[in-house]
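Working notes, structure below.
The values are calculated or read from the model by the stated rules, or taken from the named source; none is laboratory data. Bear in mind that the values here come from a model prediction, so they are computed numbers and not experimental data. Reconstructed Cβ throughout: ideal geometry from the backbone, glycine too, with neighbour counts over all protein chains shown. Surface accessibility is based on the protein's heavy atoms, side chains included, excluding ligands, DNA and RNA. Shrake-Rupley method; radii C 1.70, N 1.55, O 1.52, S 1.80 Å.
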Amino acid sequence: MIKRVVHKLALIAERGFDRVFHSPTSGREIDPYIGYATQQHVIVRGRVLGSLRSYDVADGQSRSGNFRRMLDLFFTNEVADVTVCCDATKAQTDEEGYFTLVLPADEREGWSTEYVHVEGRAEAVPCPVFAPRADARFIVISDIDDTMIETGAYSLLRNLFTTFTGNTNTRHAYTDAISLTTWLSAGGRNPVFYVSSSPWNMHGFLQRLFANTGLIAGPMFLRDLGLSDTQFITEGHGDHKGASIDHILNAYPDLPAILLGDTGQHDAKIYHAAIERHGDRIAAVGLRAPGPGMDAVDLTDLDQLLATKRLAFAAPSFDGFQERLIKARPDLFATPDSTATVR
């Protein structure tokens with residue numbers, strides 16, 4: 001009852017804010033998200049907004065300048081109920097401007113581009129799509145914050161400070177994460193997907209950050225933090241990550257998965273639940289222990305993960321995980337050059 005009342009009041013407040021600060025717009029801009037292809041479909045994703053935010057960074061941009069730029073990413077002017085199309089396939093944007101186009105499957109591999117038209121805009125917009133190769137051995141499914149990039153998500157205040165005062169030039173990726181995912185990807189043979197509690201508003205920022213730091217690019221499954229008649233903010237951190245892992249595994253039923261995460265947001269518990277649902281599909285789990293390391297709850301979660309008999313690696317960095325993988329699963333990882341660690 002209380003949640004319904006708070007939901008209604010929040011929805012009224014958001015719509016009032018939009019009326020005051022978001023004037024009607026005739027703009028039709030597509031914020032393209034990385035799509036993906038399966039044996040059944042080609043999925044093209046994105047969001048229609050009145051205008052796009054810039055990710056360009058000025059030389060010597062201050063923390064206050066970074067804060068204003070980051071805050072701007074969250075004050076979007078969404079365009080709802082407009083038609084988007086790609087060839088003969090059409091879809092309508094939802095209340096928050098999101099769309100998903102489901103195209104017929106084809107024989108594509110690697111990176112490709114689909115051109116999407118939106119009602120009210122003459123030019124088509126390129127949307128990237130990634131398709132795993134036929135010779136892929138496994139899938140990598142990774143968290144982002146404190147797994148791939150330094151964030152401090154284990155502390156809410158530290159997380160907010162890092163997120164809102166940094167930019168795509170000052171934020172750092174872990175060198176061991178770059179080395180590990182580069183090795184796991186094997187030159188693009190094995191696909192890398194990202195599952196994060198970060199909002200979709202951060203998608204373009206993260207793409208630019210990945211390109212700047214050398215992290216392997218891949219489709220992202222982020223969260224919608226918006227309000228609608230049927231949704232209050234979004235599902236929880238664990239629910240979102242678990243559902244996204246299920247979706248990816250179901251999309252590629254013939255491939256096992258390597259799960260990468262961190263202990264700061266209890267990924268051990270989330271990944272243990274994924275093993276219970278998918279069994280042998282989960283080949284191994286690698287966890288970074290950021291900041292102060294693991295507390296008693298983390299250690300209990302890790303013990304439950306180890307009890308599944310899957311390879312579970314937990315340490316302050318991923319150094320050494322590659323060797324453990326080769327030793328535990330030579331069927332997946334042993335190659336003539338697998339003894340050489342990527343640095």
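Scanning the stretch 59-68 for residues that are modelled with pLDDT under 70, of a type in the set (Gly, Ala, Ser) and open to solvent by less than 60 Å² (accessible area, probe 1.4 Å) yields a single hit, Gly65. Restricting attention to the stretch 249-283, the residues that are in contact with a Pro (Cβ under 9 Å, 6 or more places away or on another chain) and closer than 21 Å to Ile149 by Cα add up to 3.
Here Ala283, Ala312 are screened, and the one residue that is open to solvent by less than 20 Å² (accessible area, probe 1.4 Å), within 21 Å of Thr182 (Cβ to Cβ) and out of contact with any Asp or Glu (no Cβ under 8 Å at 6 or more places or on another chain) is Ala283.
Residues checked against (1) at pLDDT 95 or above; (2) among the aliphatic types (A, V, I, L, M); (3) outside any strand (DSSP E or B); (4) under 24 Å from His247 (Cα atoms):
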{"residue": "Glu96", "(1), (2), (3), (4)": "no, no, yes, yes"}
{"residue": "Thr151", "(1), (2), (3), (4)": "no, no, yes, no"}
{"residue": "Thr162", "(1), (2), (3), (4)": "no, no, yes, no"}
{"residue": "Asn169", "(1), (2), (3), (4)": "no, no, yes, no"}
{"residue": "Ser198", "(1), (2), (3), (4)": "no, no, no, yes"}
{"residue": "Leu206", "(1), (2), (3), (4)": "no, yes, yes, yes"}
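Selection of the stretch 296-309 for residues being surrounded by 13 or more Cβ atoms within 10 Å (Cβ to Cβ) and without any contact (Cβ under 8 Å) to a residue 12 or more places away in the chain yields Leu299, Thr300, Leu306. Of the residues contained in the stretch 294-315, none is found to be assigned to a loop (DSSP other than H, G, I, E, B), under 26 Å from Gly152 (Cα atoms) and at pLDDT 90 or above.
Residues checked against (1) within 20 Å of the chain's Cα centre (by Cα); (2) free of Cβ contacts under 8 Å to residues at least 60 places away in the same chain; (3) open to solvent by 10 Å² or more (accessible area, probe 1.4 Å); (4) within 18 Å of Ile248 (Cα to Cα):
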residue	(1), (2), (3), (4)
Ala105	no, no, yes, yes
Glu109	no, yes, yes, yes
Glu119	no, no, yes, no
Ala122	no, yes, yes, no
Val125	no, no, yes, no
Pro132	yes, no, yes, yes
Ser142	yes, no, no, yes
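In the stretch 69-94, the residue that is modelled with the lowest pLDDT out of those that are surrounded by 15 or more Cβ atoms within 10 Å (Cβ to Cβ) and assigned to a loop (DSSP other than H, G, I, E, B) is Thr76. Out of everything in the stretch 109-137 that is at pLDDT 95 or above and among the basic types (Lys, Arg), what residue ends up being nearest to Gln40 (Cα to Cα)? Checking each candidate, the answer is Arg133.
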